[in-house]
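Reading through the structure tokens given below for one structure.
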Amino acid sequence: MGKYVVRRIIAMIITLWFVCTITFFLMHSIPGGPFTREKELPEAVLQALNEKYHLNDPLWKQYVDYMKGIVVFDLGPSFSRPGATVNQFIEDGFPVSAKLGGVSVLAVIILGIPLGIISALKQNRWEDYVVTVLATVGVAVPGFVIGTTVIYIFSAKLGWLPAYGLTSWKHYIGPVLALSGFSLAFVARLTRSSMLEVLQQDYIRTARAKGLAEGVVIYKHALKNALIPVITYMGPMIAAIMTGSFVTEKIFAIPGMGKYFVEAVGNRDYTLIMGATVFYAAFSIVMIFIVDILYGVIDPRIKLED
Amino acid sequence: MAENAKISPQQWERVPAEKLEKEKISRPSLTYWQDAWRRLKKNHLSMLGLVAIILLTILAIFGPMMSQFDYSDQDLTMSNLPSKLEYYQVSEDSYIYLHKEYRLYSLTKKGEVLEKLPEAKNDMINKFRSYEIDGKEVVVDYSFAAAAIKSGDPNAKKFEIRIDGEAVQPMGKVWNKTYIFGTDHLGRDLYVRVLYGARISLLVGLIATVIQFFIGVTYGGISGYTGGRVDNIMMRIVDIIATIPLLLYVILLMVVMGAGLKTIIIALGSVYWVTMARIVRGQVLSIKEQEYVLAARTIGASTWRIMARHLIPNAMGSIIVALAMNIPSAIFTEAFLSFIGLGVSAPMASWGTLANDALGGLRTYAYQLFYPSIFIAVTVLAFNFLGDGLRDALDPRLRK
């Protein structure tokens, strides 16, 4: 176990280095540099800007400086807003996004898993069909369609939910639906199929044969094993909810990191894009690492020494 | 022993022909692909998906040609016309439609939009517009609008139409025959734009998947066939790439190369090949142990020949399933990118850009969002159904 964790940490550091390097060189391969405007800046201003942001240094020096900055969590200044740093954007935006993302993850777990269980237990009955149809459609409808539909029906037509912002519990309903829709549907499908598979196992028959109550059989013996594939999906789900926040926060005008990131893409704020990409990638890689470790703890059949 | 020696003469007779029939193979022998197609045909949902995809492709190719409009034709007088029109009758043959922006349009009874009517008078202070139609004076009085918006009641009365001083009620609703999906804020026909968007979206899905196919098959094939240390290093690289949220790199590539159709295809194709590489490697690892590969090697076939003639064709089943599953995700990602403003450049349109354009006028012109969204959902659904069916049909483990 210990050996495995150490190996994974080393792999994680290599991945992070890889991510930072690719991001750095991709951003620096843009022709023209960050201050190329339609209306050209005066030569002196351009020189001063380049001087200020060390863009006149040789590329390798800029790279070394950037990597040094990353080690101490300093992602540099923002190009589009003078005085602001990338760290400030993350400090402002990330807590908001994390709250919304956290609620969405909870929604997936609290709603998706029970829906899958119901569907599996009532196989080929109407409950199953309702869940299957919802899950099939949920996987096919993009988050921005869910979000805009919620705004149109519940905010514009019925006036039940606020259309933008994130101040009361009511504000969460729309964004969380948009953000968790895909994962919720996916988890419900996954839980259903893995539950159906587990229910056919011999140990379930044994548990029933020795006279255990149906509730104990299902929740103690079947569910525990059926949830293992669902846990593997946690890593990709975190990535999906993270990237989903780009559109959701844009639609609902939520001042989170996703909105800032999309704005940075629109403004071609290269340092902010670079910083946010590195941050997002690092966050997701660390989360996947944690999920993998947890996976090994939960399922003793998996040998983590490999 | 003695009894056995006695063989009755009947036993020497020929077995009748009908008994030999039992030995016959009654089912025609099917190739792998015939068998897969037979099983796919039995799966109604995936056939439905296949039919939907074919229809959509035909519509995407020929639909824009059949229409009288081009995807980039602008007509500002015809902006934001919905697909369902509430109409009023002025006289025997003359029908009018009141636009949400309080302009009048003349219609035919069938729902063809003729033209935007010229105003006789536009009084912006007292908030009414008057028109001369068939010798009658038609007045659009929108002075109630401000109070209605203030009251917050979405059903409050906002306007009144008076014909010769008499208030009239709408006759009913009719489908817009000129612009069946309505028009956007620049007066472009949404039907043509949605079908044109289908071209872009399907093209992106298809070509990006083909690029993934080539990279993935080459990478996975080399890794699996060579084996050993090369395989180990190549797969560690794949492991590293797989933990990175790749959408970020698609976005980054789009920023670096500049938005556009070519960029989307290249970005999607060059980033999402990892799953394909893993699948191909897994298949190649098992297939390369087969005797026919050994036989090919003994007669001196080159590595490339073995790859191209033996390994890849035999791994095709899993590859096709992966391809079918990748197309909808490419379409999905393209819509996502277009929605955050990294899509094809105007006046081109994909479903994502159409949805993004509709966002601004969502409260009043929701139909502009409805059509592209429905098309995305139906397409992704169709490909998902087809992919599921293909997986069941091509997976030999499920073979009966």
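Per-residue answers, yes or no, for (1) loosely packed, with under 14 Cβ neighbours inside 10 Å; (2) in contact with a strand residue (DSSP E or B) (Cβ under 9 Å, 6 or more places away or on another chain); (3) within 14 Å of chain B (Cβ to nearest Cβ); (4) modelled with pLDDT of 85 or more:
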residue	(1), (2), (3), (4)
A:D202	yes, no, no, yes
A:T206	yes, no, no, yes
A:I228	no, no, no, no
A:M234	no, no, yes, no
A:F252	no, no, yes, yes
A:F261	no, no, yes, yes
A:D269	no, no, yes, no
A:I290	yes, no, yes, yes
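Keeping to segment A:251-270, report how many residues are touching a residue at least 12 places away in the same chain (Cβ under 8 Å), under 26 Å from A:I30 (Cα atoms) and part of a helix (DSSP H, G or I). Give the derivation first.
Going through segment A:251-270, the residues touching a residue at least 12 places away in the same chain (Cβ under 8 Å) turn out to be A:251-262, A:264, A:267-270.
Then keep just the ones that are under 26 Å from A:I30 (Cα atoms); that gives A:257-262, A:264, A:267-270.
Within this subset, residues satisfying the condition of being part of a helix (DSSP H, G or I) are A:257-262, A:264, A:267, A:270.
Number satisfying all stated conditions: 9.
Filtered by the rule that a residue be touching a strand residue (DSSP E or B) at 6+ places or on another chain (Cβ under 9 Å) and surrounded by fewer than 16 Cβ atoms within 10 Å (Cβ to Cβ), segment A:54-83 gives A:D74, A:G83.
Of all residues in segment B:159-177, one or more are over 22 Å from B:F370 (Cα atoms) and basic (K, R). From the list B:I149, B:I96, the one residue that fits, being over 34 Å from the mean Cα position of the chain (by Cα) and crowded, with 17+ Cβ neighbours inside 10 Å, is B:I96.
Within segment B:217-266, being outside any helix (DSSP H, G or I), more than 8 Å from chain A (Cβ to nearest Cβ) and at negative phi holds for one residue alone: B:A259.
Please work out if B:M124 is surrounded by fewer than 17 Cβ atoms within 10 Å (Cβ to Cβ), within 15 Å of B:E86 (Cα to Cα) and among the aliphatic types (A, V, I, L, M). No: the conditions fail for B:M124. Among the residues of segment B:276-296, are any within 14 Å of another protein chain (Cβ to nearest Cβ), within 34 Å of the chain's Cα centre (by Cα) and closer than 17 Å to B:S329 by Cα? No, the conditions are met nowhere in segment B:276-296. Sub-8 Å Cβ pairs linking a first residue in segment A:216-230 that is closer than 15 Å to A:I109 by Cα to a second residue that is surrounded by fewer than 20 Cβ atoms within 10 Å (Cβ to Cβ) and modelled with pLDDT under 85, at least 6 apart or interchain, are A:I228/A:Y295; A:I228/A:I298; A:I228/A:D299, ordered by first then second residue. Whenever a residue of segment B:121-140 is farther than 20 Å from B:Q169 by Cα, its partners that are of a type in the set (K, R), lying with C-beta atoms within less than 8 angstrom and at least six residues away or across chains, give the pairs B:K121/B:R129; B:N122/B:R129; B:D123/B:R129.
With the structure loaded, tell me whether B:N384 is out of contact with any Cys (no Cβ under 6 Å at 6 or more places or on another chain), in a helix (DSSP H, G or I) and either under 23 Å from A:I273 (Cβ atoms) or more than 9 Å from chain A (Cβ to nearest Cβ) (or both) or whether it fails that test. Against the criterion (out of contact with any Cys (no Cβ under 6 Å at 6 or more places or on another chain), in a helix (DSSP H, G or I) and either under 23 Å from A:I273 (Cβ atoms) or more than 9 Å from chain A (Cβ to nearest Cβ) (or both)), B:N384 does not qualify.
Checked against the criterion of being outside any loop (DSSP other than H, G, I, E, B), of a type in the set (K, R) and modelled with pLDDT of 75 or more, segment B:82-105 has at least one qualifying residue.
Residue check: B:V378 meets all listed conditions (1) modelled with pLDDT of 85 or more; (2) within 14 Å of chain A (Cβ to nearest Cβ); (3) crowded, with 19+ Cβ neighbours inside 10 Å but one, namely (3). Residue check: B:Y225 meets all listed conditions (1) in contact (Cβ under 8 Å) with a residue 40 or more places away in the chain; (2) under 24 Å from B:I331 (Cα atoms) but one, namely (2).
Among residues of segment A:69-86 that are touching a residue at least 24 places away in the same chain (Cβ under 8 Å), those with a beta-carbon under 7 Å from a residue that is of a type in the set (G, A, S) and not in a helix (DSSP H, G or I) at least six positions away or on a different chain give the pairs A:S78/A:A84; A:V86/A:G76; A:V86/A:S78.
Considering each residue of segment A:110-120, count those that are crowded, with 18+ Cβ neighbours inside 10 Å and in contact (Cβ under 8 Å) with a residue 24 or more places away in the chain, and give that number.
7
Take segment B:92-107 and flag every residue that is touching a residue at least 40 places away in the same chain (Cβ under 8 Å) and not hydrophobic (A, V, I, L, M, F, W, C). Steps first, answer last, please.
Applying the first criterion (touching a residue at least 40 places away in the same chain (Cβ under 8 Å)) to segment B:92-107 yields B:94-96, B:98, B:100, B:102, B:107.
Of everything in segment B:92-107, those that are touching a residue at least 40 places away in the same chain (Cβ under 8 Å) and not hydrophobic (A, V, I, L, M, F, W, C) turn out to be B:S94, B:Y95, B:K100, B:Y102.
Can you pull out every residue in segment A:129-160 that is away from every other protein chain (no Cβ under 14 Å) and without any contact (Cβ under 8 Å) to a residue 40 or more places away in the chain? Of everything in segment A:129-160, just one residue is away from every other protein chain (no Cβ under 14 Å) and without any contact (Cβ under 8 Å) to a residue 40 or more places away in the chain, namely A:V130.
Residues in segment B:118-158 that are in contact with a strand residue (DSSP E or B) (Cβ under 6 Å, 6 or more places away or on another chain), among the hydrophobic types (A, V, I, L, M, F, W, C) and either in a strand (DSSP E or B) or modelled with pLDDT of 75 or more (or both): 5 in all.
I'd like the full set of residues that are of a type in the set (A, V, I, L, M, F, W, C) and at positive phi, limited to segment B:267-308.
Kept after step one, since they are of a type in the set (A, V, I, L, M, F, W, C), are these residues of segment B:267-308: B:267-268, B:271, B:273-274, B:276-277, B:279-280, B:284-285, B:287, B:293-296, B:299, B:301, B:304, B:306-308.
Residues satisfying the conditions do not exist here.
So, A:I118, is that one assigned to a helix (DSSP H, G or I), among the β-branched types (V, I, T) and either under 19 Å from A:P255 (Cβ atoms) or away from every other protein chain (no Cβ under 14 Å) (or both) or not? It is true that A:I118 is assigned to a helix (DSSP H, G or I), among the β-branched types (V, I, T) and either under 19 Å from A:P255 (Cβ atoms) or away from every other protein chain (no Cβ under 14 Å) (or both). Looking across segment B:203-216 at every residue that is among the hydrophobic types (A, V, I, L, M, F, W, C) and over 24 Å from A:S284 (Cβ atoms), the one that is nearest to the other protein chains (Cβ to nearest Cβ) is identified as B:V204.
Which helices (runs of 4 or more DSSP H) sit wholly inside segment A:123-222 and have at least 3 residues that are charged (D, E, K, R)?
In segment A:123-222, the matching helices (runs of 4 or more DSSP H) lie at A:169-199, A:202-209.
Among the residues making up segment B:286-313, those that are assigned to a helix (DSSP H, G or I) and touching a residue at least 60 places away in the same chain (Cβ under 8 Å) are B:T303, B:I306, B:M307, B:L311, B:I312.
Please enumerate the residues belonging to segment A:58-79 that are of a type outside the set (A, V, I, L, M), closer than 18 Å to A:T23 by Cβ and not in a helix (DSSP H, G or I).
Scanning segment A:58-79 gives A:F73, A:D74, A:G76, A:P77, A:S78, A:F79.
Among the residues of segment B:314-352, write down those that are part of a helix (DSSP H, G or I), within 21 Å of A:T248 (Cα to Cα) and away from every other protein chain (no Cβ under 12 Å). First the steps, then the outcome.
Start the filter on segment B:314-352 by keeping residues that are part of a helix (DSSP H, G or I), which leaves B:314-339, B:351-352.
From the residues that got through so far, the ones that are within 21 Å of A:T248 (Cα to Cα) too are B:328-339, B:351-352.
If the condition is that a residue be part of a helix (DSSP H, G or I), within 21 Å of A:T248 (Cα to Cα) and away from every other protein chain (no Cβ under 12 Å), then B:A330 is the only one that fits.
Among the residues of this structure, A:L212 does not count as one that is touching a Pro at 6+ places or on another chain (Cβ under 8 Å), of a type in the set (A, V, I, L, M, F, W, C), away from chain B (no Cβ under 14 Å) and at negative phi.
What tally of residues in segment B:166-179 results from selecting those that are surrounded by 15 or more Cβ atoms within 10 Å (Cβ to Cβ) and either under 24 Å from the mean Cα position of the chain (by Cα) or in a loop (DSSP other than H, G, I, E, B) (or both)? I'd like the intermediate steps shown before the answer.
To start, the set of residues in segment B:166-179 that are surrounded by 15 or more Cβ atoms within 10 Å (Cβ to Cβ) comprises B:168, B:174, B:176, B:178-179.
Those left that are additionally either under 24 Å from the mean Cα position of the chain (by Cα) or in a loop (DSSP other than H, G, I, E, B) (or both): B:168, B:176, B:178-179.
So the answer is 4.
The values are calculated or read from the model by the stated rules, or taken from the named source; none is laboratory data. Here the structure is a predicted model, which is why all the values come from computation and not from measurement. Here Cβ is always computed from backbone atoms with ideal geometry, including for glycine, and neighbour counts include all displayed protein chains.
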